[in-house]
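Beneath this line is the structure, given in structure tokens, with notes to follow.
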């Protein structure tokens, strides 16, 4: 596995219907080439396999899990929102490092749009959304679609670190959103 590889958007997967396997667009998972799995299988890696993605040119990084190992050699497929977060273009070079992260027990999320308050049960929607994430990075935002609308949420804090437990209840503290007059809308 080459630690420096080219990144491609998951929307470039063509006719393969990855969305039916796992909704890659809202999740924080990448598709890596088969050689990466072969290399990793000879290493002592912890499961789930987690990686740090780094855009060295911009000094930006985040953490991701893997969806599968079927990408073209020399490339990884990532969600479009993640490319935006790391200031990447199609074909940009990115450094991929296998990491081991402690499991988080608490995450503090800050919705970035007032429209998030219009949702009937924001906590339940976030819990469902986070099932697609194996890890998160403090200070990074993620986007997801719900009822044909895009929402962005900032990860303000995580305790003790960055790994989330899939299929286990998530505990959050949603921070407040203030409207233009400064009145507290949600806490």
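Summary table below
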{"item": "Enumeration of residues in the range 45-69 that are out of contact with any strand residue (DSSP E or B) (no Cβ under 6 Å at 6 or more places or on another chain), at pLDDT 85 or above and surrounded by fewer than 14 Cβ atoms within 10 Å (Cβ to Cβ)", "result": "57, 58, 59"}
{"item": "Residue within the range 27-41 that is in contact with a strand residue (DSSP E or B) (Cβ under 8 Å, 6 or more places away or on another chain), surrounded by fewer than 13 Cβ atoms within 10 Å (Cβ to Cβ) and at pLDDT 85 or above present", "result": "no"}
{"item": "Count - residues of the range 87-131 that are surrounded by 15 or more Cβ atoms within 10 Å (Cβ to Cβ) and part of a helix (DSSP H, G or I)", "result": "6"}
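The values are calculated or read from the model by the stated rules, or taken from the named source; none is laboratory data. Predicted model only: the values in this text are computed from it and were never measured. So basically every Cβ, Gly included, is an ideal-geometry build from the backbone, and we count neighbours across all protein chains shown.
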